[in-house]
1. Could you go through region 234-252 and let me know if any residue there is in contact (Cβ under 8 Å) with a residue 40 or more places away in the chain, crowded, with 17+ Cβ neighbours inside 10 Å, under 25 Å from GLY22 (Cα atoms) and polar (S, T, N, Q).
2. If I ask for residues that are within 20 Å of LYS177 (Cα to Cα), not in a strand (DSSP E or B) and not hydroxyl-bearing (Ser, Thr, Tyr), which ones from region 120-156 would you list?
3. Of the residues in region 80-97, how many are at pLDDT 95 or above and surrounded by 19 or more Cβ atoms within 10 Å (Cβ to Cβ)?
4. Of the residues ARG186, ARG202, only one is part of a strand (DSSP E or B), under 20 Å from ASP92 (Cβ atoms), among the charged types (D, E, K, R) and in contact with a strand residue (DSSP E or B) (Cβ under 7 Å, 6 or more places away or on another chain); which?
5. Quickly run through region 221-279 and pick out the residues that are farther than 23 Å from LYS64 by Cβ and among the charged types (D, E, K, R).
6. Any idea which of (1) in contact with a strand residue (DSSP E or B) (Cβ under 9 Å, 6 or more places away or on another chain); (2) at pLDDT 95 or above is the one ASP100 doesn't satisfy?
7. Suppose the filter is under 19 Å from ASN259 (Cβ atoms), touching a helix residue (DSSP H, G or I) at 6+ places or on another chain (Cβ under 7 Å) and basic (Lys, Arg); does ARG296 pass it?
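The values are calculated or read from the model by the stated rules, or taken from the named source; none is laboratory data. Predicted, not measured: the structure shown is a model, and the values here were computed from it. Here the Cβ is made from the backbone with ideal geometry for all residues, glycine too, and neighbour counts use every protein chain on show.
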Amino acid sequence: MRHRKPRGLALDGWLIVDKPQGLTSTDVVNRVRRAFDAQKAGHGGTLDPLATGLLPVAFGAATKTVPYVMDGTKVYRFTLRLGESRDSDDADGNPTGTSDVRPTDDQLRAALPAFRGDIMQVPPVYSAIKVAGERAYDLARAGAPPVLEARPARVDRFDLIERPDADTAIFEVHSGKGVYMRSLARDLALACGTLGHIVALRRLRVGPFTQAQAIPLDKLMRAEDTPPTSPDFLLPVATALADIPALALTDAEAFGLGNGQAISLVALMGRIPRAADPNGGLARAMAGDRVLGLCRLEDGWLKPERLL
């Protein structure tokens, strides 16, 4: 049986898109994949259609590193509209209630500590979480919104940045994987005795990727019957791993690791970076300036986990 050759160019690397409002993350991936005529692409962390900002798009071999990008710290800035709830917990939804209560700045700040650290959070009904095999947002759109269970979330920072007026407050959040800004906004308003929803949301950082690397989507598009967008816009695959502690290996160690062999941590004493947790932590294996891949420090061994 003959295998059909994949269509498009075999590109490897990361593209950091500044996502405009109104598009889904999948819309953006499909557009840039066509613009670059790439065989394979995926994104490193969903943004709602209302949201703007950093959407890392992985091409080819970079898709192997997507989980590590999604595990990295994310920074968001959102605008909370006080006094009204929406079924989607953002401005794209339908109103479900109103309140005349407008908390003061001090009341908002006093409520914030309860939402920092390791918390439990009920996701928005309009989310991609699966319930009995169905997406929650599909059930909600069909008129049968599911009751979602609270789940663990990690919030490292949650600060009031600006208060333009009594109805509006702007916050910045540093969070881990799977934290819903819409839930934070909804629950903070409730904790202050009122209702609220997000009217603007921007992602400023994803793991090692920052706004300085982001490229507006329209700058990446091309007209029909023109050459594909230049791959010079892509960052190296290993850029996604920049937040993970680096561990220098000898040529012999690199060869063994590349063949799936574990290395005793005793042999690596003095080279193991302080930031690498010896009890299951990750390290970025380096052969000179070249990234070999990711390894896990476990049971006294350096074990290959994802080789590039």
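1. No; the residues of region 234-252 include none that is in contact (Cβ under 8 Å) with a residue 40 or more places away in the chain, crowded, with 17+ Cβ neighbours inside 10 Å, under 25 Å from GLY22 (Cα atoms) and polar (S, T, N, Q).
2. Hits for region 120-156 are VAL122, PRO123, PRO124, VAL125, ALA128, ILE129, ALA136, LEU148, GLU149, ALA150.
3. Residues meeting the conditions: 7.
4. ARG202
5. ARG222, GLU224, ASP225, ASP251, ARG271, ARG274
6. Evaluating ASP100 over (1) in contact with a strand residue (DSSP E or B) (Cβ under 9 Å, 6 or more places away or on another chain); (2) at pLDDT 95 or above leaves (1) as the failure.
7. On the way: under 19 Å from ASN259 (Cβ atoms): yes; touching a helix residue (DSSP H, G or I) at 6+ places or on another chain (Cβ under 7 Å): no; basic (Lys, Arg): yes.
In short, no.
A quick yes/no check of all residues on (1) in a strand (DSSP E or B); (2) touching an Asp or Glu at 6+ places or on another chain (Cβ under 8 Å):
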{"residue": "ALA35", "(1), (2)": "no, no"}
{"residue": "LEU50", "(1), (2)": "no, yes"}
{"residue": "LYS64", "(1), (2)": "no, no"}
{"residue": "THR96", "(1), (2)": "yes, yes"}
{"residue": "ASP118", "(1), (2)": "yes, no"}
